[in-house]
Amino acid sequence: MDRWIYKVLERSRIPTNIGWVASGAEGNAGLRGTFQVSLKCPVFGSSKTGVVRLENPGGDSLQGSGGRRKVLIHTPTNEVITSYAMLERKLSSLGWERYYDDPELLQFHKRSTVHLISLPKDFGKFKSMHMFDIVVKNRNIFEVRDM
């Protein structure tokens, strides 16, 4: 398991001079236990059920390293996304359709994929995890930057 975690860190281009702790064992159910990386950036951890998830040890706020705010950038125009109306225009131009099923969420679906983007109704609750979800589902169109 130690070698597996080292390979994950090595492939993710995280500096190798960081401290980390691994616990657990591999078994028939796959990876078990948890691991922690002593960085304030998203890292992957696993639960006892073997499910790997993205964890953010620095909290769930929009604050980046050094207290800088994270923002979503539309890379073709280099514009900062400042509202859901602006985001909806950009997404609809990429083929995303708005779903109105849940009154608590803004949801977008692209017919050609199985992807669903779910965002909180209040733009003030738009966190970095939502931004990264948009980035992953729209490669080379959006990116997250510290401002």
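The values are calculated or read from the model by the stated rules, or taken from the named source; none is laboratory data. What you are looking at is a predicted structure, and each value in this text was computed from that prediction instead of being measured. Ligands, DNA and RNA are excluded from the accessible area calculation, which covers all protein heavy atoms including side chains. Shrake-Rupley method; radii C 1.70, N 1.55, O 1.52, S 1.80 Å.
At the residue level, S92 shows approximately 70 square angstrom of accessible surface with a 1.4 angstrom probe and all protein chains present.
A probe of 1.4 angstrom, applied to the heavy atoms of all protein chains, finds M129 with accessible area near 110 square angstrom. Normalised by 2.2 N^0.38 Å, where N is the number of residues, the alpha-carbon radius of gyration of the range 75-146 equals 1.03.
With every protein chain kept in the model, how would you rank H115, H74 by accessible area, 1.4 Å probe, largest at the top?
Working: H115 75, H74 15 Å².
Descending order: H115, H74.
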